[in-house]
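The values are calculated or read from the model by the stated rules, or taken from the named source; none is laboratory data. None of the values given here were measured: they were computed from a predicted structure. Note: ideal-geometry Cβ built from the backbone for every residue, glycine included; neighbour counts use all protein chains shown. We work out accessible area using only protein heavy atoms, side chains counted, and drop any ligands, DNA or RNA first. Shrake-Rupley method; radii C 1.70, N 1.55, O 1.52, S 1.80 Å.
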Amino acid sequence: MGKKSAYRVAVVGATGAVGERIIDLLHHTKIPLGSLKLLASSRSAGKTVTFKGKEIKIEEATPESFEGVDIALFSAGGSVSKKLAPEAVKRGSVVIDNTSAFRMDEQVPLVVPEVNAEDIKAHQGIIANPNCSTIQMVAALKPIQDAFGISRVIVSTYQAVSGSGTSASVELEKQAKDYLAGKEMEASILPVKGDKRHYPIAFNALPQIDVFEKNGYTFEEMKMINETKKIMHMPQLKVSATCVRLPFFRSHAESVYVEVNEQGLTVADVRKILENAPGIIVQDNPSQQEYPTPLTAEGHKEVFVGRIRKDPDDERGFHLWVVSDNLLKGAAWNTVEIAEQLVANNSL
Ligand code: NAP
Ligand code: 3JM
């Protein structure tokens with residue numbers, strides 16, 4: 001496709017937690033928008049959304065919805081992507097997919113623009129947006145890899161409920177109110193909507209995000225492990241993860257332990273590299289109690305890093321506290337950023 005003066009964009013999952021943020025971001029996008037199509041399930045068809053002063057009707061997503069669409073941004077779950085993304089590609093759209101449906105396919109680039117923007121060019125119709133927890137971690141790891149080399153990563157996450165969609169945020173709010181009113185809490189969404197058991201998230205911590213795999217890790221943990229190696233082009237990198245859901249609404253936090261290849265580095269060396277990295281804001285001043293938190297990261301596009309420390313017993317070990325808005329850099333912003341680069345580099 002040659003460079004166009006205006007692009008026809010579709011958002012699939014337009015009524016969801018991620019879709020709503022994508023629409024917000026499209027108000028200010030660098031992409032010249034010719035038209036915007038908003039798609040969801042039949043449940044939402046007919047509702048309207050106001051975009052730049054005009055009312056847009058939500059339509060049910062079907063294969064025919066993609067006729068004439070240049071760029072389709074999918075955030076409606078893996079099964080919708082598996083069914084409709086190939087239909088969109090067949091009709092000439094480039095798909096940027098926010099689900100895990102195609103992330104590990106060899107033909108599909110898995111992209112965080114600050115890390116591997118050049119992979120976008122190799123797409124064959126679908127570009128995948130990584131998992132939210134992976135995105136913020138690799139954004140912080142890449143500058144360290146480029147400067148010093150890294151060999152091992154061990155991460156524990158502290159993830160917000162909005163990562164499980166709008167219904168999980170509604171569940172937390174209701175449980176918190178019930179608990180404080182002395183009523184019994186009901187759980188039907190978390191940890192995983194369709195799984196056998198549910199636990200309250202309010203005033204709790206759940207060491208399960210997504211379903212369990214045969215190896216005892218959850219799928220979320222395996223996404224972090226496999227996606228990190230693919231995005232960084234480092235199949236040999238050692239990565240292990242523990243993913244935990246906590247009772248706050250927005251932004252994921254992560255405790256990241258990274259082993260660097262170079263010996264004799266100081267905290268100041270690592271801090272300097274991160275301060276100069278694109279998309280990263282360092283907030284790290286223990287004497288002033290400065291560090292990022294989920295509440296302070298909410299609404300921002302960047303990845304925040306604080307609590308940079310050296311392992312007292314290992315010359316090559318460093319700890320980072322990495323926080324970012326899961327719905328923005330973790331999902332909607334990374335998607336729109338990929339779309340902007342596709343258009344800027346004429347890679348459609
Ligand atoms: P959500 O708040 O539950 O929203 C789900 C959206 O999908 C709604 O717009 C819903 O439309 C739509 N949908 C559901 N079934 C559909 C169908 N059969 N056909 C068309 N649309 C359908 O979830 P969310 O948090 O926005 O997440 C959506 C998806 O994005 C997730 O399932 C996940 O795969 C992905 N995600 C990715 C990241 C990331 O880090 N990359 C982060 C979060 C989520 P209705 O309102 O009509 O039901
Ligand atoms: C974040 O297919 C589904 O039901 C969606 C599950 C899901 C995913 C996923 O696997 O695509 C919920 C929340 C993600 C994600 O980004 O990996």
Does residue 90 fit the bill of being at pLDDT 95 or above, more than 15 Å from residue 38 (Cα to Cα), basic (Lys, Arg) and within 14 Å of ligand 2 (Cβ to nearest atom)? no
Answer with yes or no whether residue 101 is open to solvent by less than 50 Å² (accessible area, probe 1.4 Å), more than 16 Å from ligand 2 (Cβ to nearest atom) and not polar (S, T, N, Q). no
Please specify each residue of region 121-171 satisfying the condition of being farther than 16 Å from residue 321 by Cβ, part of a strand (DSSP E or B) and small (Gly, Ala, Ser). 128, 151
Report yes if some residue within region 81-89 is assigned to a loop (DSSP other than H, G, I, E, B), within 15 Å of ligand 1 (Cβ to nearest atom) and without any contact (Cβ under 8 Å) to a residue 60 or more places away in the chain; otherwise report no. no
So, first residue of a type in the set (S, T, N, Q) in region 282-298, second residue open to solvent by 60 Å² or more (accessible area, probe 1.4 Å), Cβ within less than 7 Å, six or more apart or across chains; the pairs are 283/290; 283/291
Please enumerate the residues belonging to region 158-175 that are under 26 Å from residue 260 (Cα atoms) and within 12 Å of ligand 1 (Cβ to nearest atom). 159
Has region 303-310 got any residue that is within 16 Å of ligand 1 (Cβ to nearest atom) and open to solvent by 60 Å² or more (accessible area, probe 1.4 Å)? no
Listing of helices (runs of 4 or more DSSP H) fully contained in region 256-348 that carry 3 or more residues being in contact with a strand residue (DSSP E or B) (Cβ under 9 Å, 6 or more places away or on another chain) and closer than 24 Å to residue 18 by Cβ: 294-297, 333-344
Say whether the condition of being open to solvent by less than 10 Å² (accessible area, probe 1.4 Å), within 18 Å of residue 329 (Cβ to Cβ) and not basic (Lys, Arg) is met by at least one residue in region 78-94. no
Take residue 120 and decide whether it is away from ligand 2 (no atom under 14 Å from the Cβ), aliphatic (A, V, I, L, M) and at negative phi. yes
For a quick check of your reading of the model, give me the residue pairs whose first member lies in region 192-205 and is open to solvent by 80 Å² or more (accessible area, probe 1.4 Å), whose second is away from ligand 1 (no atom under 16 Å from the Cβ) and part of a loop (DSSP other than H, G, I, E, B), with beta-carbon atoms closer than 8 Å and at least 6 apart or on different chains. 199/187; 203/247
What number of residues within region 15-44 satisfy the criterion of being small (Gly, Ala, Ser), farther than 19 Å from residue 342 by Cα and either open to solvent by 50 Å² or more (accessible area, probe 1.4 Å) or within 16 Å of ligand 2 (Cβ to nearest atom) (or both)? 6
Condition set more than 16 Å from ligand 2 (Cβ to nearest atom) and β-branched (Val, Ile, Thr), scope region 45-87, selection nearest to residue 20 (Cα to Cα): answer is 49
Looking at 314, 325, which is the one that is of a type in the set (D, E, K, R), crowded, with 16+ Cβ neighbours inside 10 Å and in contact with an Asp or Glu (Cβ under 8 Å, 6 or more places away or on another chain)? 325
Give the number of residues within region 206-248 that are open to solvent by 60 Å² or more (accessible area, probe 1.4 Å) and either in a strand (DSSP E or B) or of a type in the set (A, V, I, L, M, F, W, C) (or both). 4
Conditions (1) in a loop (DSSP other than H, G, I, E, B); (2) surrounded by 14 or more Cβ atoms within 10 Å (Cβ to Cβ) -> residue 184 fails only (2)
Flagged in region 135-179 as β-branched (Val, Ile, Thr), within 13 Å of ligand 2 (Cβ to nearest atom) and touching a strand residue (DSSP E or B) at 6+ places or on another chain (Cβ under 9 Å), in numbering order, are 135, 157, 161
Pairs only if they're at least six apart or on different chains, beta carbon under 6 angstrom, first in region 50-75 and free of Cβ contacts under 8 Å to residues at least 60 places away in the same chain, second β-branched (Val, Ile, Thr) and outside any helix (DSSP H, G or I); list them, first residue then second. 55/48; 56/49; 57/48; 61/12
